[in-house]
Each structure stands twice: as structure tokens, then as C-alpha cells.
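Input: a single structure, listed below in C-alpha cells.
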Amino acid sequence: MSDGSMSEGATDRLATGILGGGRGRHAFEDCVERLATAIRLGVFPEGSVLPAERELSARMGVSRATLREAIAALRQAGMVRTVRGRGGGTVISHRPVTPAHANSRQLAGRRDELMDALVFRRVVEPGAAGLAAASVLDHDHQKLLDTSLQAVEQADKPGAYRQADSRLHLAIATVTGSPQLLQAITRVQADVHTLLTAIPMLEVNIEHSNAQHSSIVRAIRNRRPAQARLAMERHCDDTAALLRGLLS
């Protein structure tokens, strides 16, 4: 049984882009947000171990003291736990949220903001797909796309599927080579993830979504920017229609 997880190398490539580059706010809060988002979206899945403190602080551009404070906050929130001794470290304890079982309070007071994220997504994600398709991808980026797509297709648990879905969209943003674009799509994927976990998973939608994912990645691999952009536009439109219909 597959949990939709990716290889360590693919996870590391995703994490490097998502965790790097602060957002210009207070270092502690910013560090907590970046780590928590990476965990919720499955970049660091349940049971995995965060990179060593020295490596992680350098990657995030924060002091080790700030990183320790952020990890302590995540530990208090139940998202990580610390395992002592050889082979230990900061282990992810956050379980993927089962769709339709998300806390409804997450939507309260944020409904307009979350729905606006669907509009923003319709602009940035097709652009990212087109840019990725116009780029000459190296072997590592091609492997990241293929591994991410395979993880979505093989995920057989609802919560794991939602995380794998998010990771695929983040992988597409990663291969564009644009840190600002990746930051924008990370934010929008966090909002879309919140919305999607508030509705049940529908088999017919999953089949359709998987076919669209495959079309998007194929267009990127074949270097067809217009086709990749159009395929992502249709995917964003269909997801938005489903969410607006079920959450109205």
C-alpha cells in the first residue's frame, strides 16, 4: 500500500525551494509559518525527519536559536516530536488531514480570502506551468516532476493524496527556477489545501484530476508551453468549480 510519499532526493529539492527565502516579517513567526506549511502540504510527511539543525537554519536563513524556538512551537502544537539518541532528530508527527474531516473553524472568517485564492491561483499556476514547459529542465527537475506525479497516482489514502497533489503543484513551481513564483504558489496551495480538506474526495473527480495532472506534466516534459498553460487553466477551473459548488 502506497502512502504517496516521494524519494528523499525529491523531497529535498522541494524543501530547498519552499523553505528558502524569508518573507520579510519577524524571523520567528516566519520560520514557524514556513515549516508548518511544508509539513501540512506533505513536503515533510508524517514519520520523516527534518534536516539537521545546522543545515536547516542555513537553508532558511535564520539563526539556530530562532530555528530552535520555531521547532519548540511546532512541538507544542503537536506537529513534530524530538527523538533522542543515534538516528533521532525532529520527527514529523502531523498526520495528513482526511478530506471532509477538516476543522470547519479553519474556514470561518476566511471564506472570502480562501475563495479569492482560487482567482489568484488561476493566474499564477497556469503561468508557472507555461514557464516550466518553456524551460530546459535538467535531469533532477525531470525526475522531480515524474516522481511527484507518480506519488499522486499511487496515493491510496485520502489525506496522503491531498498532500501528494499539493507536492506536484509545488514541484511544477520549483522547476521554473523562480523563488518568488514558488513562494506565491506555496501560499496559494496552502489555501487550496485548506479548502479541499473541507470537502469529501470523489472518485470521479480524482480520476479526472489525475488525467489532468498527467497532461500537464506531459506538456511540460515535451516543452509545449501553450499546451501546459491551457491544461493547468482547465485544471484550476475544474477544481474551483467543484469547491464553489460544494462549499456554497
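Can you give the longest run of the chain that contains no trypsin sites (Lys or Arg not before Pro) sitting in a DSSP loop with at most 15 other Cβ atoms inside 10 Å? Please report the intermediate quantities before stating the final value.
Numbers: sites that count: 23, 25, 84, 86, 110, 223.
Maximal segment without exposed cleavage sites: 111-222.
With an 8 Å cut-off on Cα pairs and a minimum separation of 6 or more residues, tell me the relative contact order of the range 93-232 in percent.
Numbers: 156 pairs, mean separation 60.8, N = 140.
That works out to 43 percent.
Note the angle between two axes, namely the Cα long axis of helix 8-19 and the longest principal axis of the Cα atoms of the chain, as a number of degrees from 0 to 90, rounded to the nearest 10.
Once rounded, the angle reads 90 degrees.
Which one of 48, 170, 83 is farthest out on the positive end of the charge dipole of the chain, using unit charges on Cβ (Lys, Arg +1; Asp, Glu -1) and the Cα centre as origin?
So the residue furthest toward the plus end is 83.
Is there a quick way to get the dipole size of the range 61-144? I mean about its Cα centre, with the Cβ of Lys and Arg at +1 and of Asp and Glu at -1; what is the value in debye to the nearest 20? Numbers along the way, then the final one.
Details: 13 positive and 7 negative charges, 127 e Å.
Charge dipole of the range 61-144: 600 debye, to the nearest 20.
Which of 146, 156, 165 moves the most in a Gaussian network model of the chain with Cα springs under 10 Å?
Its mean-square fluctuation being the largest, the pick is 156.
Whose amide H sits under 5 Å from the amide H of residue 80, counting only residues 5 or more places off or on another chain, with H placed in the peptide plane?
Placed amide hydrogens put 75, 93 under 5 Å from residue 80.
Whole angstrom only: what separates the Cα centroid of the range 176-234 from the Cα centroid of the range 39-115?
23
Let me know the charge dipole size of the chain about its Cα centre in debye, to the nearest 20, where only the beta-carbon of Lys, Arg (+1) and Asp, Glu (-1) is charged. Walk me through the intermediate numbers first.
Values: 31 positive and 26 negative charges, 99 e Å.
The dipole of the chain has a size of about 480 debye.
Could you give me the radius of gyration and the Dmax of the range 120-248, taking only the C-alpha atoms into account and expressing both in angstrom?
Using the Cα atoms of the range 120-248, the pair Rg, Dmax is 13.6, 43 Å.
Round to the nearest 10 and give me the degree value, 0 to 90, for the angle of helix 64-76's Cα axis relative to the longest principal axis of the chain.
It works out to around 70 degrees.
Would you compute, from DSSP H runs of 4+ residues alone, the mean residue ellipticity of the chain at 222 nm, taking -39500 (n - 2.57) per run and dividing by the full residue count, rounded to the nearest 500?
Roughly -22000 deg cm²/dmol at 222 nm, from the helical runs in the chain.
Any idea of residue 181's accessible area? Nearest 10 Å², probe 1.4 Å.
Counting only protein heavy atoms, residue 181 exposes about 30 Å² to solvent.
Keeping the other protein chains in place, figure out the carbon and sulfur percent of the accessible area of the range 176-242, with a 1.4 Å probe.
Values: 1500 of 3030 Å².
Carbon and sulfur: 49 percent of the exposed surface of the range 176-242.
The values are calculated or read from the model by the stated rules, or taken from the named source; none is laboratory data. Here the structure is a predicted model, which is why all the values come from computation and not from measurement. Here Cβ is always computed from backbone atoms with ideal geometry, including for glycine, and neighbour counts include all displayed protein chains. With ligands, DNA and RNA removed, areas are computed over all heavy atoms of the protein, side chains included. Shrake-Rupley method; radii C 1.70, N 1.55, O 1.52, S 1.80 Å.
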